[in-house]
1. What distance in nm separates the simple spin-label points at Ala10 and Arg101, each placed 7 Å from Cα in the Cβ direction?
2. Can you give the angle from 0 to 90° between the axis of helix 278-309 and the longest principal axis of the chain, with both taken from C-alpha atoms, to the nearest 10?
3. Run the dipole for the range 1-120 about the Cα centre, Lys and Arg Cβ at +1, Asp and Glu Cβ at -1, nothing else charged, and hand back the magnitude in debye, nearest 20.
4. Residues of the range 227-262 with amide nitrogen under 18 Å from the 7 Å Cα-to-Cβ point of Val203?
5. For the range 350-389, max minus min Cα coordinate along each principal axis, in Å, sorted largest first?
6. Can you find, among Ala214, Leu244, Ala296, the residue farthest towards the positive end of the dipole of the range 186-343? Put +1 on the C-beta of Lys and Arg, -1 on that of Asp and Glu.
7. Give the residue from Val198, Ala426, Trp439 lying farthest towards the positive end of the charge dipole for the chain; charges sit on Cβ (+1 for Lys and Arg, -1 for Asp and Glu) and the dipole is referred to the Cα centre.
8. Where does each of Asp464, Asp8 land when they are ordered by accessible area, with a 1.4 Å probe and the largest first?
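The values are calculated or read from the model by the stated rules, or taken from the named source; none is laboratory data. All values reported here derive from a predicted model rather than from experimental measurement. Here the Cβ positions follow ideal geometry from the backbone for every residue, glycine too, while neighbour counts run over all protein chains shown. These area figures cover heavy atoms from the full protein model, side chains too; ligands, DNA and RNA do not enter into them. Shrake-Rupley method; radii C 1.70, N 1.55, O 1.52, S 1.80 Å.
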Amino acid sequence: EFLYRKSDEAMGVQSLVDALLAEAKSRIETKHKCKVPLKSKAGRRLANEAVHCLKQLSMLPDAELGLEAFTPEGPDGPEIDISLPFTRDALEAAAANMLQRLREVLAEAIAASPTGVVEGVELVGGGSRVPAVQALVRDAAGEAPLRFGLDGASCVATGAAAWAAGRRLVPAMEVCDANQTPEEIEAMKVREARIDEVNAQEVNRLEMRNALEAYVYKVRGWLDGKDGKLLKPEVLGPALDKVLLWFEDAEFAEEPTSLEVYTAKLQETEDLVKQEGTEFFEKQAREREESERALAKAAEEERQRRKDLGMDADKDDRHMKKEDRLRLAAKNKDEGNDMFKAQKFDDAIRRYKKAIDHVSRPEVTSNMTPDEAEEARKIKVSCHLNSAQCYIKAADTAMTSGGKNAAEPFYKKAKNSCDDVLELDAENIKVHFRRSLCWEKLGELDHAMKDIKQGLKFQPEDADLKKSRDRLERMLQKQKEGQKKVFSKMFG
């Protein structure tokens, strides 16, 4: 049951920033006899620095609010640098009204409890890190612990769960009035279309703004590179500095800089760089052509290698006796083993697939003797099992270079190969062990444990299976404890 709720815009972290900003503005205007319009470029720079100063005061007892070349001193004076020391006491004095309002709301909330006892307080948001806020909450909550385990997304999830359970702070809203006239509906459609249009314009404007900024820093990277001298740094360096100054002015302009203005500035900058960096771009083009020729040569060599090994002939339509197919299957399996030892996993998998194909063809399986069928089954089991190991090795390599997402497809393929083995040999210990590893890497610990337990049914004393069972038990226990902590924070 919800006993109390309160929403007050004057109690947010922005109120602390505004208080700090007002105090800084007052000090600057008093000391330097000037005005600081908050909607100007100087005012926006000051506002950004106030946010940074508040973050510092959340961690340290004092901080400095500093800005270089902030504003001209007097009508024609030189630009001044600002350096304002702030302490936590100064912040609390500046935000006294907001903190007093928070104190009152906390008292109202505690009074709403029938017992006056609070089990715990969950603090969320940027203001929760401010020591003065934490102190007020501690004073109001008594011995109740302060918790910081929920972020914004967790709060939304907790609220959604509470709403679904019928524990609602506010009544449901009517989304649409069924009695609206056609004219009202049409007016809503027009407004919605206008909102979409404005949103698209703003997205395009910001994309062009980002494109200009990214291009300037890309050219700066070129200037610092091995061929930077070809770009005439004595010309482009100062020019890029001017573009960045223009960019900063555009950022803090009273009216948002338009898409057309950003587009024109980007085109102007690109034209200047191309004009002054002709030698640089000509060298880039030559190197690109040489790289493409080298890649084409390497691709041709790879095609020839695959052709020589028969790797592209995946479908073998030759008419052969079953004895010849069995012989070729055994030969391909041995070749796959050799390639596996050489760590050529892709080539090994192809050989294993060829071996499986030889003994799976209808004209071969339809008239096998019992001995031949057993030989074919063993070849399939060996090839599927070894393919799984190849995919696992490839997954380990992908994990090192590209992380979990890069490795996941290989673990899935390895698991599929293990599934094929189990259809042929359900008591194979190796396949239970390898499929368990795949399940584990895919985050399915319960499935992984089932495979280990199944393997132990056939080999109760197998050391590797026992080690895996013990390790998975610890992981499952840790996972269970983590879930308990999450749910206790959400619903405790």
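1. 0.4 nm
2. For 278-309 against the chain, the angle is about 30 degrees.
3. My answer is approximately 300 debye.
4. The answer is 259-260.
5. 31, 16, 9
6. About the Cα centre, the residue reaching furthest to the positive side is Ala296.
7. Among Val198, Ala426, Trp439, the one farthest towards the positive end of the dipole of the chain is Ala426.
8. Asp464, Asp8
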